[in-house]
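Below: the structure, in structure tokens.
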Amino acid sequence: SIVIPNVITPNGDNKNDVFKILRLESYPGSRLLIYNRWGKKIYESKDYKNNWDGSKTDKSDGVYYWILYLEDKKGTTFNGTVTIISKT
């Protein structure tokens, strides 16, 4: 099964710099949507490649809501929050 993080720290130290969903490579074509706290969509990928680092948010610290539509032929959907902490 996949493992989805709840925190990223895009500070350039190459540790947790991106929203990396473990084992997602087994599900090519999976769609990811990310929303800010006001419900505005700030990111969308129709084939997520584990590369979102918060850049569409100017890497603003805070909590963001995400929805992942897993391309598994079953219609599996995951959702949750991810917190960006850019200052360590």
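The values are calculated or read from the model by the stated rules, or taken from the named source; none is laboratory data. Source: prediction; values computed, not measured. Positions of Cβ are backbone-derived with ideal geometry, glycine not excepted, and every protein chain shown enters the neighbour counts. All accessible areas refer to the heavy atoms of the entire protein, side chains included, with ligands and DNA or RNA removed. Shrake-Rupley method; radii C 1.70, N 1.55, O 1.52, S 1.80 Å.
Here are the numbers:
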| item | result |
| --- | --- |
| Number of positions in region 1-49 that are assigned to a loop (DSSP other than H, G, I, E, B), of a type in the set (Val, Ile, Thr) and farther than 17 Å from Ile85 by Cα | 2 |
| Region 16-71 - residue that is among the basic types (Lys, Arg) and at negative phi and, of those, most open to solvent (accessible area, probe 1.4 Å) | Arg37 |
| Exclusive hit being farther than 16 Å from Ile8 by Cβ and among the hydroxyl-bearing types (Ser, Thr, Tyr), set Tyr35, Tyr65, Tyr43, Tyr69 | Tyr69 |
| Residues that are within 16 Å of Ile2 (Cβ to Cβ) and outside any strand (DSSP E or B), drawn from region 52-77 | Trp52, Leu70, Glu71, Asp72, Lys73, Lys74, Gly75, Thr76 |
| Subset of region 78-88 that is of a type in the set (Ser, Thr, Tyr) and not in a strand (DSSP E or B) - its residue that is modelled with the highest pLDDT | Ser86 |
| Qualifying residue in region 75-86 (condition: exposed (fewer than 12 other Cβ atoms within 10 Å of the Cβ) and over 12 Å from the mean Cα position of the chain (by Cα)) | yes |
| Long-range neighbours under 9 Å by Cβ, at least six apart or interchain, first residue without any contact (Cβ under 8 Å) to a residue 12 or more places away in the chain within region 59-73, second of a type in the set (D, E, K, R) and open to solvent by 80 Å² or more (accessible area, probe 1.4 Å) | none |
| For Ile21: the one exception among (1) under 13 Å from the mean Cα position of the chain (by Cα); (2) closer than 16 Å to Asp61 by Cα | (2) |
